[in-house]
Amino acid sequence: MAEIISILNLKGGVGKTTTTINLGKALSLLGNKVLIIDNDPQANMTRGIGITKPSKSIYNVYGENEPVPVIEIADGFFATPSDLQLALIENQLNSAMNRNYKLYKGLKNIKKEFDYILIDCPPSLGVYTANALMTSDWYLFPVQAGDEYSIQGLKSMESIISEIREDEKMNPTLSCLGLLITMYEKTNANQFVIDALKSSYDNLIFNSNVRRNTTVKESIIARMDIFSYDKNCHGAVDHMDLAKEVVSRIKA
């Protein structure tokens, strides 16, 4: 049965999509069968791995109650694309019965086929983030080094997570996998953010930082994961270290 991980922060631009793609690929390179899900109406993850005009997307799960569609990207590495149409039905979903369980139902019959499922969430507390958290075993927060606002996004997200965990009818076993420092550089501004995080979340911060790396940006433009683009760069090394730490934390 898959370990399901939501990757989220209310602050945009902190590396959620990059983390989803490259952590997912790293886990597959470690011998796991991995599915990454684009749960964001902006569909950045979908474009980031080179999927164009898919016949089915996460839209079919929310709009038509279908199972999660799966596209094979590489050996052991699969994806569920998003669609800009997802934004058009958000208001409709907000008034629907069982609106927060659509992704849970869409994954019910296929999650046993995977070792890990990673969900790329939008920077909001809306219905799509709620669906991800309702079906996840874990959540992972990317926090951009040097960006105090990404800490505020983290703190804002804690309220909805507390509600979900405290209600036995929702997802009381939802657990924090860790906080990931992204775009790391040795600067005073970065150290300020890290020190602020350590004061409240020290035991949750991953030992693995993702360093700022131009090659990662290039891979996104090329619509490739970092390992396919340049397996020897800092970005590939950092995401592989993260994948190993994720496996270790889940097994602990």
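The values are calculated or read from the model by the stated rules, or taken from the named source; none is laboratory data. In this text the structure is predicted, and so the values were computed from the model without any measurement. For neighbour counting, all protein chains shown are included, and Cβ atoms are generated from backbone atoms with ideal geometry for every residue, glycine included. Keep in mind that these areas ignore ligands, DNA and RNA; they rest on the heavy atoms of the full protein, side chains included. Shrake-Rupley method; radii C 1.70, N 1.55, O 1.52, S 1.80 Å.
Selection of segment 152-192 for residues being under 30 Å from residue 217 (Cβ atoms), modelled with pLDDT under 80 and surrounded by fewer than 19 Cβ atoms within 10 Å (Cβ to Cβ) yields 152, 155, 156, 189, 192. Only residues that are closer than 15 Å to residue 211 by Cα, part of a loop (DSSP other than H, G, I, E, B) and free of Cβ contacts under 8 Å to residues at least 40 places away in the same chain were counted in segment 156-194, giving 1.
Looking at this structure, is residue 106 assigned to a helix (DSSP H, G or I) and either closer than 30 Å to residue 192 by Cβ or in contact with an Asp or Glu (Cβ under 9 Å, 6 or more places away or on another chain) (or both)? Yes, satisfied. Return a yes/no flag: does segment 228-251 have any residue that is surrounded by fewer than 13 Cβ atoms within 10 Å (Cβ to Cβ) and touching a residue at least 12 places away in the same chain (Cβ under 8 Å). Checked against the condition, which is being surrounded by fewer than 13 Cβ atoms within 10 Å (Cβ to Cβ) and touching a residue at least 12 places away in the same chain (Cβ under 8 Å), segment 228-251 yields no hits at all. Selection over segment 116-151 of residues that are closer than 11 Å to residue 8 by Cα, assigned to a strand (DSSP E or B) and modelled with pLDDT under 95 gives a count of 3. With respect to the conditions (1) touching a helix residue (DSSP H, G or I) at 6+ places or on another chain (Cβ under 9 Å); (2) over 22 Å from residue 183 (Cα atoms); (3) buried (at least 16 other Cβ atoms within 10 Å of the Cβ), residue 87 lacks only one, and its number is (1). For the residues 110, 89, 151, 119, the requirement of being within 19 Å of residue 6 (Cβ to Cβ), out of contact with any strand residue (DSSP E or B) (no Cβ under 7 Å at 6 or more places or on another chain), hydrophobic (A, V, I, L, M, F, W, C) and touching a residue at least 24 places away in the same chain (Cβ under 8 Å) singles out 110. When segment 52-68 is limited to residues that are open to solvent by less than 20 Å² (accessible area, probe 1.4 Å) and not hydroxyl-bearing (Ser, Thr, Tyr), the one that is nearest to the chain's Cα centre (by Cα) turns out to be 58.
Among (1) closer than 23 Å to residue 164 by Cα; (2) over 12 Å from the mean Cα position of the chain (by Cα); (3) small (Gly, Ala, Ser), which single condition is residue 6 missing? Every condition holds for residue 6 apart from (2). Taken together, 161, 226 contain a single residue that is touching a strand residue (DSSP E or B) at 6+ places or on another chain (Cβ under 8 Å), within 25 Å of residue 123 (Cβ to Cβ) and β-branched (Val, Ile, Thr), which is 161. Pairing residues of segment 6-25 that are open to solvent by 10 Å² or more (accessible area, probe 1.4 Å) with residues that are charged (D, E, K, R) and not in a loop (DSSP other than H, G, I, E, B), at Cβ distances under 6 Å and at least 6 apart in sequence or on separate chains, gives 16/120; 17/120.
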